[in-house]
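To start, the structure itself, in structure tokens.
The values are calculated or read from the model by the stated rules, or taken from the named source; none is laboratory data. Please read these numbers as outputs of a predicted model, since none were measured by experiment. Cβ: placed from backbone, ideal geometry, glycine included. Neighbour counts: every protein chain shown. We work out accessible area using only protein heavy atoms, side chains counted, and drop any ligands, DNA or RNA first. Shrake-Rupley method; radii C 1.70, N 1.55, O 1.52, S 1.80 Å.
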Amino acid sequence: CHDGTRRLVPTSLLQDAPKLARSILLHCSHPLNAPAGAAVRAGETLTFGTIQVDRIGIRGRRWSARWDELSLVRLASGRIHLFRWQRFIPYKTIRIDRVPHPTVLIKVIQECARKVESGDALAEIGRA
């Protein structure tokens with residue numbers, strides 16, 4: 001845990017990978033959701049690997065987009081698709097397997113973006 005506390009993983013979870021993944025995400029990332037949202041609302045910038053998010057927008061190493069420029073954010077298939085003017089070809093796609101605390105990033109995006117569509121189970125965990 002973030003406070004240094006260790007938790008034992010029950011043997012029953014080791015047999016069920018989806019349950020194990022959900023348990024780890026909920027114990028490691030879920031406690032960060034509220035502080036992350038509050039930090040962005042207070043004007044801070046959050047960093048998720050190469051992705052940075054603040055109340056103005058989202059950016060990577062060589063790209064950026066303001067929230068008011070994005071017409072849609074689509075969460076699907078382990079990816080975050082950012083759309084600007086049209087909704088067929090994304091302006092940018094973020095692979096969530098390359099982002100630390102992906103459910104926290106998703107939660108912050110859901111709070112900041114004007115329109116978010118979700119078909120991703122991981123996004124649903126982020127809402128918990």
Using a 1.4 Å probe on the protein heavy atoms, what percent of the accessible area of the chain belongs to carbon and sulfur?
53 percent
Tilt, helix 17-28 to longest principal axis of the chain (alpha-carbon atoms), in degrees rounded to tens, equals 80 degrees
Prolate/oblate/rounded label for the range 1-102 (Cα gyration tensor, a/c 1.5)
oblate
Taking the Cβ of Arg59 as the center, what net charge do the other residues with Cβ under 11 Å away carry, scoring Lys and Arg +1 and Asp and Glu -1?
+3
Quick one: accessible area per residue over the chain, 1.4 Å probe, rounded to a whole number of Å²?
61 Å²
If I model a spin label at Thr5 and Ile89 as a point 7 Å from the Cα along the Cα→Cβ vector, what separation in nanometres do I get?
5.0 nm
Which of rounded, prolate or oblate describes the range 45-94 when judged by the alpha-carbon gyration tensor and an a/c cut-off of 1.5?
oblate
Can you tell me which lysines have their Cα less than 29 Å from the Cα of Lys92? Leave out same-chain residues fewer than eight positions away.
Lys107, Lys115
Simple spin-label estimate for Thr50/Trp63, 7 Å along Cα→Cβ, in nm, reads 1.0 nm
Place a point 7 Å from the Cα of Arg79 in the direction of its beta carbon; the residues of the range 104-118 whose amide N falls under 12 Å from it are none
Using the Cα centre of the chain as origin and beta-carbon charges of +1 (Lys, Arg) and -1 (Asp, Glu), tell me which of Phe83, Gly43, Leu8 is placed farthest towards the positive end of the dipole.
Phe83
